Amino acid sequence: DKGGWDSFMDKEIHEDPSAVRNTLIGRFDEDGEIKLDEVHIDAEAFRQIDKIIVVACGTASYAGMVAKYAIEHWVRIPVEIELAHEFRYRDPILTPRTLVVAISQSGETMDTLMALRHAREQGSRVLAICNTQGSTIPRESDAVLYTHAGPEIAVASTKAFVAQIVAAYLLGLYLAQVKCTLYRDEIHQILDQLKQMPEKIQWVLDHEAESINDAASKMINAKSFLFLGRHVGYPVAMEGALKLKEIAYTFTEGFAAGELKHGPIALVEEGEPVVVIVPSSRGRNVLHNKVISAIEEVKARGAFTIAVAEVGDPDAEKYADIVFWRPECPTLLSPLVDVVPLQLLALDMAELKGYDVDKPRNLAKSVTVE
Ligand code: BG6
């Protein structure tokens, strides 16, 4: 049931706020103590973990990439991201102290399942982050942390992505708690900030939909798009690029903005749309200026620039042709809001082109072959 929306994808994007809210519910108490009682790995085993490897495909892998920035910062252990289909064919280094985190919306992706089987055979523990109760990936894992995004029907994943980030962040905060790498107050503060994210996402849905739709109609004939970001904005850029490929059949590529001068800038020609995820300018964030100069660089070569930026950012306003605004929020949490305009942009572009947004050509919701 589309509940009055034109498509499941439209409905599911509008469920981004509740996906975040529901994934947080019941996972910590009033004092900010994380409680992952459902995860049957004892605290001592968690304390021993010295490396995390995330295995996933598509959107789920980008959620894992976002989580790397937060978990390494909070827990001070290395986090690697590996596309599940590459993982077991290269003899990865796995020990009993490695935690393999398998992220999957459907819980049935064969590539991810084969990767987790390999990890368990090598003696590592596997924790699944999954949206589908009772599916194969959680059943075959040592533990599961469910994302409570609700059933996702549209092939292109949206609300599951934000829920996966939240679940991975809860795991990171739990590790920080048992390993004492963050103070209780710090964990409490991050949880408070996470709790505010649903309303920030809602703000984007309420205030930016019209300008995103306008932008989509301006760019309807574009043959290709580039997406740029840095730090957590980098995986968001790749996710934005993936959404547009999947449902609008547009050639897109997501890049780390710093890589621009090492190659991708050669692609920029007159009128080329370039979508840039701009980090906050607060706290004299050095990356802000670097990303703004990336906008200037591509604009000087004729690009049509679209920025996703924090409300009131004077540089985004000055340099980008179009700005999709998002409310102020901490850098590590910004992917939860920054991805929303990119989901809407892909939806609008596909609808304007007359495509079936829920069932894009050649794709399946869960790919159960290797
Ligand atoms: C793909 C889907 O084939 O599988 C993507 O089309 C999805 O949308 C990817 O991100 C991974 O799926 P899952 O269910 O393992 O998260």
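Each reported figure results from applying straightforward, stated rules to the coordinates on display, with no laboratory input. Treat the numbers as computed from the prediction; the structure is a model and nothing was measured. Cβ atoms come from the backbone with ideal geometry, glycine included; neighbour counts cover every protein chain shown.
Note on segment 1-76: Kirkwood radius taken over Cα pairs, Stokes-Einstein applied at 4 °C and 1.567 mPa s, translational D equal to 83 µm² s⁻¹. Taken as entire DSSP H runs, the helices of the chain that both span 27 Å or more between Cα atoms along their own long axis and average 1.0 or more on the Kyte-Doolittle scale are 159-179.
Shape descriptor for segment 1-149: Rg over Rh equals 0.98 (Cα atoms; Rh from the Kirkwood inverse mean 1/r). Relative to its residue count, segment 65-113 spans a Cα convex hull of 90 Å³ per residue. Can you work out the FRET efficiency for the pair Asn289 and Glu33, with r the C-beta to C-beta distance and R0 = 35 Å, to the nearest 0.05? Using R0 = 35 Å, I get an efficiency of 0.35.
Quick one: what do you get for segment 216-369 if you divide its Cα Rg by 2.2 N^0.38 Å?
Taking N as the residue count of segment 216-369, the ratio is 1.01.
With the simple spin-label model, which puts each label point 7 Å out from Cα in the Cβ direction, the Lys218 to Ala364 separation comes to 4.0 nm. Pair-distance distribution of segment 268-319: all C-alpha pairs, bin width 5 Å, starting at 0; shares per bin in whole percent are 5, 24, 32, 21, 12, 5, 1.
When restricted to Cα atoms, segment 134-289 yields an Rg and a Dmax of 18.7, 53 Å, respectively. The alpha-carbon positions of segment 133-180 define a convex hull whose volume is 80 Å³ per residue. Label point 7 Å out from Ile93 along Cα-to-Cβ: which residues of segment 60-74 have amide N under 18 Å? Label zone hits: 72.
Centre-to-centre separation between the Cα atoms of segment 84-117 and those of segment 327-356: 28 Å.
Quick one: divide the alpha-carbon radius of gyration of the chain by 2.2 N^0.38 Å and tell me what you get. My calculation over the Cα atoms of the chain gives 0.95.
Taking every pair of Cα atoms in segment 284-370, average 1/r, invert it to obtain the Kirkwood radius, and report Rg/Rh to two decimals. With Rg and the Kirkwood Rh in hand, the quotient comes to 1.08. Stretching Thr181 away from Gln122 to a fully extended chain increases their span by 18.5 nm, per 0.36 nm per residue minus the current alpha-carbon distance.
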